[in-house]
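Okay, structure first, notes after.
The values are calculated or read from the model by the stated rules, or taken from the named source; none is laboratory data. What you are looking at is a predicted structure, and each value in this text was computed from that prediction instead of being measured. Glycine gets a Cβ as well: all are built from the backbone with ideal geometry, and neighbour counts include every protein chain shown.
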Amino acid sequence: MTPVDEMDPILGRTVQLDVEDGVAVVRIDQPGKSVNVLSAQVVEEMAEVIERLEAGKEGVRAAVITSGKPGVWIAGADVDQLKDIDSAADGAELARTGHRLLARLEGLGVPVVAAIDGAALGGGLEVALACAYRVASDSPKTKLGLPEVQLGLLPGAGGTQRLPRLVGLRAALDLMLTGKQLDAKRARKIGLVDEIVPTPILLARARAAALELADYHLHPRAGRPRGSPRWPENLPGARGFIFRKARAGVLEKTHGLFPAPLRILDVVSAGLDLPLAEALELEARAFGELAVSPESKSLTHLFFASTAAKNDPMLPSDVEAAEIDRVGIVGSGFMGAGIATVTAENGIRVRLKDITPEAVARGVATTRESLRKRAERRRRKDFEIVQLLDRIEGTAEYSGFRATDLVVEAVFEDLELKHRVIREMEESASPETVLATNTSTIPIARIAEAASHPERVIGIHFFSPVEQMPLVEIIVTGQTEPSVAATSHSFAKRIGKTPIIVNDAPGFYVNRILGPYMNEAALLLEQGVPMEEIDSAMVAWGFPVGPITLYDEVGLDVAAKSGQVLAAAFAERLQPGSVLTRLLEDDRKGRKNGRGFYKYDDGKKAGPDESVYALIGSPPARSVPPEEIQERLALGMINEAVRTLEDGVLRSARDGDVGAVFGIGFPPVRGGPFWYLDETGAARVVDRLRALEAVHGARFEPAPLLIEKAEKGERFHPD
């Protein structure tokens, strides 16, 4: 048998092996990719390296696994492999392949150290869990987590069993059930990481630790073969209490619509006291069953759709986006301050303007306080926070706007005011500056009428609260230059948002499909259905909040104005009732003034306000089955989504799904309006709409494109 030290190193491929002074360094570096993922090729080459080490291990005393990509270790499994899973058996076998590989790594006979710099997520973290020791860099890019639950899956390469045995039951469940990512310090605190060192010395320290382990000078916090390493968690009754609390929390949050977190609990509970091999078989079978579940298919579809929306703006291939280094924002209120916050947070300097020095000071203070809190939560260092705050500059004039690459106006929804601001922006900025308007109701073409160069004007519709909402809707007119659209798309992506590009029309895409949904909820109220029944029905269907609560959150004045715009454009099917008018006459604007459909106690929702029924003249005297409420609201929204595609507002069904889920909380477990149609069947939905049309009128008439798809048996997502 030839010692590895005497073998030629394996270089020039994805998984490389080199040996020096008895330490084998396994370096993963996928050519042509910005990150490493556990693809079939990586798994195959890892198996070859392990086999080589097994065959000549007397020449190797220890091993280190590292990455050839700075700032990225292994970012997870190759999600493309999920497309090839056609049955639960296929999924289970994919998991078993990972189990076999990591069992060989774990049982190599020499200590293996994971040298982690950057993302170690999903399957990447599961590789690290199979190592004897984990050394992480102190880089802010170092993140450890198991996010599989966000795709409707559970960790399938040993994570459900190795993680609880290493860090304990509660810490492991917290990671697996939420998909959260830990920085190195928090990972070390729970025992997931053994050491933290500066990035430049990471590999040297990992090599040294590997030799210390080999010489028994260092003893790893190895996971137990069974059970939790936290002895109180193994006391009689303690484990059952932990699982009951976790299950209750999952059901409260997901309403039972997501099977993955419940399966995680089942697999961890059943496997914790079994030998590892038997426990891993439970994991493999559960992974296979989840991989072919409708919920996982929907969530995986959204993952691919949102990734595509970020990377493919559906613009001509020769169009280039300009670099954005400085952004001007006009209007320092709630929306303007939010845009400034996310812009500065992502490395772009911001010039924040308002009319008076006092308004500017308030806006800058709000932005800086928000930035400070967000930075402290992410454990940024003091000097990094100072650098962050310094990116915000305030002004009551347009001084400095000549140097901006993009300017966003975020003033009140008043056309005359926006016209004046657009003219001022154009006069103050350079001829190359993109002029963006943040509006939710006014057509972009109307706003662009004030510009000498309307081709530079574009809509960038942020959703409130800006810091939390992931979607940005970019609205182009018939005059907008493609390069302006490309630059706006690139800007939205850079500040961490998921952008979709839509064509200018009343309500654009997101607010237009929200219109029939909200309108139908108000009609149900007028028909005597209690507001809490309407809300609970839609939460049970998967929305984060019900429509009546949403009215209060958005603001009844804002909702009424948006409703008027849509009613004027689509009078034949979107005629609002009198509910909002009567509440606004009583000075009810929702949460923002503490008076809406619901009561508020110190800003917290405190139950339905029964006096609302007297205002609208419809006492809660009628109970409607939740299924009827869900059909009337959800199918109205879905039908309108098809009309936007038919009218050319949307450019693709892909963007329609992304916009609905990320913009207004369409249930992600249902994949978006168009995915829902494909999975439910267009013909079935047409039948339900016609039944509703027969009872409630023309607003439920199926869209012609939907009828066409139903008759031809076609999908909106043919691939």
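All conditions but one from (1) hydroxyl-bearing (Ser, Thr, Tyr); (2) farther than 27 Å from Ala222 by Cβ; (3) modelled with pLDDT of 95 or more apply to Ser39; the one that does not is (3). Note on segment 475-501: residues that are more than 15 Å from Thr307 (Cα to Cα), of a type in the set (A, V, I, L, M) and free of Cβ contacts under 8 Å to residues at least 40 places away in the same chain total 2. Residues in segment 146-161 that are within 27 Å of Thr199 (Cβ to Cβ) and either surrounded by fewer than 24 Cβ atoms within 10 Å (Cβ to Cβ) or not assigned by TED's automatic domain parsing to the domain that holds Ala77 (or both): 1 in all. Looking at segment 50-68, which of its residues are surrounded by fewer than 21 Cβ atoms within 10 Å (Cβ to Cβ) and either under 18 Å from Arg100 (Cα atoms) or out of contact with any strand residue (DSSP E or B) (no Cβ under 8 Å at 6 or more places or on another chain) (or both)? Glu51, Arg52, Glu54, Ala55, Gly56, Lys57, Glu58, listed by residue number. Of the residues Thr439, Thr498, the single one that is of a type in the set (S, T, N, Q) and touching a Leu at 6+ places or on another chain (Cβ under 8 Å) is Thr498.
Quick check: is even one residue across segment 385-408 in a loop (DSSP other than H, G, I, E, B), modelled with pLDDT of 90 or more and within 24 Å of Val558 (Cα to Cα)? No, segment 385-408 contains no residue that is in a loop (DSSP other than H, G, I, E, B), modelled with pLDDT of 90 or more and within 24 Å of Val558 (Cα to Cα). Looking only at segment 84-124, residues that are free of Cβ contacts under 8 Å to residues at least 40 places away in the same chain and either farther than 15 Å from Ala63 by Cα or in contact with a strand residue (DSSP E or B) (Cβ under 9 Å, 6 or more places away or on another chain) (or both) come to 3 in all.
Within segment 195-211, can one find any residue that is surrounded by 12 or more Cβ atoms within 10 Å (Cβ to Cβ), closer than 30 Å to Leu151 by Cα and among the polar types (S, T, N, Q)? So far as segment 195-211 goes, no, none of its residues is surrounded by 12 or more Cβ atoms within 10 Å (Cβ to Cβ), closer than 30 Å to Leu151 by Cα and among the polar types (S, T, N, Q). Of the residues making up segment 417-443, just one is more than 17 Å from Ala486 (Cα to Cα), among the hydrophobic types (A, V, I, L, M, F, W, C) and under 30 Å from the mean Cα position of the chain (by Cα), namely Ile442.
Within segment 261-281, can you find the residues that are closer than 19 Å to Val149 by Cβ, assigned to a helix (DSSP H, G or I) and touching a residue at least 24 places away in the same chain (Cβ under 8 Å)? Across segment 261-281, the qualifying residues are Pro261, Arg263, Ile264, Leu265, Val267, Val268, Ser269, Gly271, Ala279, Leu280.
Scanning segment 666-717 for residues that are modelled with pLDDT under 95 and not in a helix (DSSP H, G or I) yields a single hit, Gly697.
Criterion first (of a type outside the set (Lys, Arg) and over 23 Å from the mean Cα position of the chain (by Cα)) does Ile74 satisfy it? When the stated conditions are applied, Ile74 does not pass them.
Restricted to segment 570-605, and to residues that are small (Gly, Ala, Ser) and modelled with pLDDT of 90 or more, which residue is farthest from Ala522 (Cα to Cα)? Looking at residues that are small (Gly, Ala, Ser) and modelled with pLDDT of 90 or more, I get Gly594.
Listed by position, the helices (runs of 4 or more DSSP H) contained in segment 435-538 that have at least 1 residues being modelled with pLDDT under 95, assigned by TED's automatic domain parsing to the domain that holds Gly697 and not aliphatic (A, V, I, L, M) are 510-526.
When segment 421-434 is filtered for residues that are surrounded by fewer than 16 Cβ atoms within 10 Å (Cβ to Cβ) and assigned to a loop (DSSP other than H, G, I, E, B), the ones remaining, listed by number, are Ser430, Pro431, Glu432. Does Asp504 satisfy the condition of being within 23 Å of Asn639 (Cβ to Cβ), in contact with a Pro (Cβ under 6 Å, 6 or more places away or on another chain) and not aliphatic (A, V, I, L, M)? It is true that Asp504 is within 23 Å of Asn639 (Cβ to Cβ), in contact with a Pro (Cβ under 6 Å, 6 or more places away or on another chain) and not aliphatic (A, V, I, L, M). Scanning segment 574-588 for residues that are surrounded by 13 or more Cβ atoms within 10 Å (Cβ to Cβ), in a helix (DSSP H, G or I) and of a type in the set (D, E, K, R) returns a single hit, Arg582. Filter segment 536-565 for residues that are in contact (Cβ under 8 Å) with a residue 40 or more places away in the chain, over 25 Å from the mean Cα position of the chain (by Cα) and surrounded by fewer than 17 Cβ atoms within 10 Å (Cβ to Cβ) and give the result. Listed by number, the list holds a single entry, Lys561.
Do you know which residues across segment 22-71 are farther than 30 Å from Lys83 by Cβ, among the charged types (D, E, K, R) and part of a loop (DSSP other than H, G, I, E, B)? Within segment 22-71, Arg61 is the sole residue that qualifies.
There is no residue in segment 638-658 that is modelled with pLDDT under 95 and touching a helix residue (DSSP H, G or I) at 6+ places or on another chain (Cβ under 8 Å).
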